[in-house]
Amino acid sequence: MAEDVEKVLMGEPWSFDRHLVVFQRYDLSTPIKDLTFDKVAFWVQIHNLPYSLLTMEVAVHLGESLGVVTMPKDLIEMRGGNFMRVRVTIDILEPLCKGRHVDFDEDNEGWVCFQFERLPNLCYWCGHLTHDDKECVLWLRSKGTLSVQD
């Protein structure tokens, strides 16, 4: 049974009908009302890094800017060809981060793009995973007049 729990938790993110389902380890001592279902682990792809920066150290450093990094048993899982992957537990109550401005060296800088694997529905207006576009407070307040530029 403990192996099954680990398998389920390692299989994150879970979804039903493209909506995020959040699981939490429970120790039987915390009151149910105090449980918070606000963290989910995702594999995050890091794109647009120069070849010299396609390292585990850089991937972990950038991943830590998103949340708590979990190292895989097999480090080869972090390599994705021309990108790096890192498993990050993120706070789903915050908007997803699409990327970061990075100094590659003293003379070069650029934008690295984050792509979340197995991403369920998310709100394109505010970037949250807790609702979709049509349920967004920003969309509802605008009475349907929100545009991509907004």
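Any read-out appearing in this document is the output of simple, stated calculations on the displayed coordinates, not a laboratory observation. These numbers were taken from a predicted model, which means no experiment stands behind them. Here Cβ is always computed from backbone atoms with ideal geometry, including for glycine, and neighbour counts include all displayed protein chains.
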(message) If you filter segment 87-150 for GluC sites (Glu not before Pro), then keep DSSP loop positions with at most 15 other Cβ within 10 Å, what is left?
(response) GLU106, GLU117
(request) Give, rounded to the nearest 20 debye, the magnitude of the charge dipole that the chain has about its Cα centre when Lys and Arg contribute +1 at Cβ and Asp and Glu contribute -1 at Cβ. (result) 520
(message) I need the shape label for segment 92-146. Rule: rounded when a/c is under 1.5, else prolate if a/b > b/c, else oblate, with a, b, c from the alpha carbon gyration tensor.
(response) prolate
(message) In 5 Å bins starting at zero, report the fraction of Cα pairs in the chain per bin as a rounded %.
(response) 2, 8, 15, 18, 17, 15, 12, 8, 4, 2, 0
(message) Going by amide H atoms built from the backbone, whose H comes under 5 Å of the H on SER15, apart from near neighbours?
(response) VAL21
(request) In whole Å, largest first, what are the principal axis extents of the Cα atoms in segment 1-55? (result) 48, 26, 21
(request) Among TRP43, LEU54, THR145, flag the residue with its Cα farthest along the positive direction of the charge dipole of the chain, charges on Cβ as +1 for Lys/Arg and -1 for Asp/Glu. (result) THR145
(message) Using alpha carbons only, how many angstrom separate the centre of segment 1-60 from the centre of segment 67-113?
(response) 15
